[in-house]
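First the structure, in the form of structure tokens, and then the observations on it.
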Amino acid sequence: MRNPLSLLSWGLHAGLRRDIARLERLYYEPYEKTCEAKVATLRELVRHAMENVPFYREFYGKAGVVADDLRTFDDLKHLPYVCKEDFRKVPIEERTARNISRRRRRPATTSGSTGQPFSLYMDLADSPMETAAHNLFQIWSGWRPGERVAYVRQKFTKMPFDATRQWFKTRLGMSTIRVLSDELDRETVPKVMEELVAKRVTLLQGYASSLCTLARQWRDARPSSIRSVISIAETLTEDDARMLSERLGAEVFRDYSMNECMRAGFECDRHDGYHVDPLRSIVETAKGYRGQDEIVVTNLTNRVHPFIRYRAGDVGRLTFDPCPCGRRTPRIEGLGGRVLDVIELPSGKELNIHVFGKPFRSYEHAVDCWQARQVGERELEMLVEVSEAFSDAMAERIREELEAATEGTMAVRVRKVDRIPLGKNGKRDRVVSLARLRAIRGESDEGGATLAKGGGR
Ligand SMILES: [Zn+2]
């Protein structure tokens, strides 16, 4: 059922509908043509970065980059790659454009599902197109303006006013419901589902981990109103996608997105790779870890904190084979290096990467990387790679917060390590459940972390 008020709001926003139509049209244009159209934007972005962002001034200065040398799309390959480590070494102010108003900054962090997270700013000037892309992908998934959408998400973190305004704009033409994934357990899930059906929600959208938490706890008949599910930001494995689709009786769509580059790719109804955005980003691949192809993205719209030829740390490849849907942008394939584990409490509540990440937000300067490992039925170990700034008091506060998050059912230990071990995919998983830890130990010996000299707690 479509909500008349939402439909009216949709009807009144001609600008948004125009942006959506324009973006959709670009997907059907020859890819080379959209690439050539990006060259001028890229050249201007590089010039801007060299003039106003201290990090790029030095980085490109050393590499001898000259913005005016970027004449064709092919010239892109003369720019050096930037990786997470390059950014992490430099304070955020050095990576931010000095000539742009602070009001355009929207603070965020990298998802941090693998590797080491860092703070960044998103550019609020990109809001209108971001809103259009958001709505376009919902339309791809079968949503129609005026239909109700439920967002499954973590508790609200405080957002600046402009970001809040954008958040509401994104939801034009749809009445929305929020479901807090922190509150989902065996008791609450049936009530939540009942409400979604009663309110005729047709689309469910959220982080992969949050959606899975909801679906795993749901054991009754498929909720009749829900037709599709959009899983964002985190890589949803094939198994989890199947589970979501079976339990909810809905078609599952995935995106490839990150705060560094927003929505770089989205699945069409053929579900065979993620169509690359034809307007706002450039996606390439480079040889990475163990010779695997790694995704490289350029965000053409973030001028506050530029990401140019940024190695996102995800394994994946590009295919230029035509997609039966008729859209002509290449597709990202073979993603899925990340495994999203959760740790289940006796109440049925699941702790995922976001819950474990919370206590670390205040200690970004002191903790380089962390991993939550369930080492026994009621025992949890937090491995941390730390800098000199880390103190016993911090470890104690992290321990207390996490014990509270486990509803007092688990003993938590914070342990300093030199290096958090890599998983089989060459990445550091953030959450390792007991079942997977046993599997890892059964198969190989990579389970043991190296203890820091002097030990931790
Ligand atoms: Zn397609």
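Values for this structure:
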quantity	calculated
Hits in region 49-75 (condition: under 25 Å from the mean Cα position of the chain (by Cα) and hydrophobic (A, V, I, L, M, F, W, C))	A49, V53, F55
Verdict on R399 being closer than 17 Å to R430 by Cα, of a type in the set (D, E, K, R) and assigned to a strand (DSSP E or B)	no
Hey, V355 away from the ligand (no atom under 16 Å from the Cβ), out of contact with any Cys (no Cβ under 8 Å at 6 or more places or on another chain), in a helix (DSSP H, G or I) and under 21 Å from K416 (Cα atoms) or not	yes
Region 302-350: number of residues that are polar (S, T, N, Q), away from the ligand (no atom under 16 Å from the Cβ) and surrounded by fewer than 21 Cβ atoms within 10 Å (Cβ to Cβ)	1
Residue that is farthest from the ligand (Cβ to nearest atom) [pool: residues in region 259-275 that are surrounded by 24 or more Cβ atoms within 10 Å (Cβ to Cβ) and hydrophobic (A, V, I, L, M, F, W, C)]	C261
V375, sole failed condition from (1) under 25 Å from the mean Cα position of the chain (by Cα); (2) closer than 30 Å to E187 by Cβ	(1)
Tabulated pairs, region 314-326, first within 12 Å of V276 (Cα to Cα) and in the same structural domain as T235 (by TED's automatic domain parsing), second in a strand (DSSP E or B) and within 11 Å of the ligand (Cβ to nearest atom), C-beta under 6 angstrom, 6+ apart or interchain	T319/R331
Unique match (being in contact (Cβ under 8 Å) with a residue 12 or more places away in the chain and out of contact with any Asp or Glu (no Cβ under 7 Å at 6 or more places or on another chain)) among K62, K38	K38
Residues (part of a loop (DSSP other than H, G, I, E, B) and modelled with pLDDT of 80 or more) located in region 415-456	I420, R430, S433
Extreme residue, surrounded by the fewest Cβ atoms within 10 Å (Cβ to Cβ), among residues of region 246-255 that are outside any loop (DSSP other than H, G, I, E, B) and away from the ligand (no atom under 15 Å from the Cβ)	E246
Scan of region 276-299 for residues that are part of a loop (DSSP other than H, G, I, E, B), within 16 Å of the ligand (Cβ to nearest atom) and either under 19 Å from the mean Cα position of the chain (by Cα) or within 13 Å of A312 (Cα to Cα) (or both), ordered by number	D277
First in region 131-156 and hydroxyl-bearing (S, T, Y), second anywhere and part of a helix (DSSP H, G or I) and at pLDDT below 95, Cβ under 6 Å, 6 or more apart	T131/K169; T131/T170
Region 256-275, residues that are assigned to a strand (DSSP E or B), in contact (Cβ under 8 Å) with a residue 60 or more places away in the chain and under 22 Å from S119 (Cα atoms)	Y256, M258, M262, R263, A264
Odd one out for R361, checked against (1) away from the ligand (no atom under 16 Å from the Cβ); (2) of a type in the set (K, R); (3) in contact with a helix residue (DSSP H, G or I) (Cβ under 9 Å, 6 or more places away or on another chain); (4) outside any strand (DSSP E or B)	(3)
Pick from region 12-35, criterion without any contact (Cβ under 8 Å) to a residue 12 or more places away in the chain and more than 18 Å from R327 (Cα to Cα), ranking: surrounded by the most Cβ atoms within 10 Å (Cβ to Cβ)	R17
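The values are calculated or read from the model by the stated rules, or taken from the named source; none is laboratory data. Because the structure is a prediction, the values reported are computed rather than measured. So basically every Cβ, Gly included, is an ideal-geometry build from the backbone, and we count neighbours across all protein chains shown.
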